[in-house]
């Protein structure tokens, strides 16, 4: 077992905290070392720290290994609520997967209080990150204000219910993704999609096909608005121009097919 401790360098004394965590891992029989990362600011501090952490873990893990993360059922419930609040769709509300190589989350069905009790029983001293109690962060307010209110109003069991909802949605999403892959195999030809054939497909599958296909064309980020505008070229075709997409791309329909082009290219005929 190999232990990797990420020092984000965001707080005074973070190097000492990382060293203590590594030492506790060695006490459990693991090899352990500290990885220092530089955290940017794009997308907010939480997101930037997560990107830096995951990039370091992905790069430093032994080849072919899984990285075990400490997310608990409480973290899953918070993730589901964040997805609901952002209107990010079923994929976001489905939360985190127990295994999503190279990531694995063995405690995803375990309450946070149980992991804290286990640490106490083993004589381990977990680091309580001050950021985890800083109300400037949305996730912290969900944890300390929203979830306790919901637990009180709904008479308990909210975190477990949210985690069950995430599991059910993952199962549904996996089934739809599998069906969408079959559809894509029928409507894709080289770099284009057959819009006429795709029109006969139910919207939930059609938009899944479009989303994956657009991402693979190099579109860096696709919002629900982008996706529905793209879908309109299939389901509500009236000769309209295609939507502008992130990364300076445009989606067009021509001769019954969909294609992605760099913005500024001369539109093809019909």
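The values are calculated or read from the model by the stated rules, or taken from the named source; none is laboratory data. None of these values were measured; they are calculated from a predicted model. Neighbour counts are summed over all protein chains in view; Cβ atoms, including those assigned to glycine, are modelled from backbone coordinates with ideal geometry.
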- prompt: If you go through region 183-194 one residue at a time, how many are free of Cβ contacts under 8 Å to residues at least 40 places away in the same chain and surrounded by 12 or more Cβ atoms within 10 Å (Cβ to Cβ)?
  reply: 5
- request: Considering (1) more than 30 Å from residue 24 (Cα to Cα); (2) not in a helix (DSSP H, G or I), say which one residue 135 fails and leave the rest.
  value: (1)
message: Looking at 124, 128, 150, can you tell me which residue is more than 17 Å from the chain's Cα centre (by Cα), surrounded by 13 or more Cβ atoms within 10 Å (Cβ to Cβ), not in a helix (DSSP H, G or I) and not assigned by TED's automatic domain parsing to the domain that holds residue 9?
response: 124
- line: Going through region 1-30 in order, the residues found to be surrounded by 19 or more Cβ atoms within 10 Å (Cβ to Cβ) and in a loop (DSSP other than H, G, I, E, B) are 8
- prompt: Which condition number does residue 95 fail, the rest of (1) assigned to a helix (DSSP H, G or I); (2) at pLDDT 90 or above being met?
  reply: (1)
The listed residue being farther than 30 Å from residue 203 by Cβ, assigned by TED's automatic domain parsing to the domain that holds residue 143 and part of a loop (DSSP other than H, G, I, E, B), out of 88, 109: 109
- request: Report the residue count in region 57-77 for those that are surrounded by fewer than 19 Cβ atoms within 10 Å (Cβ to Cβ), part of a loop (DSSP other than H, G, I, E, B) and touching a residue at least 24 places away in the same chain (Cβ under 8 Å).
  value: 6
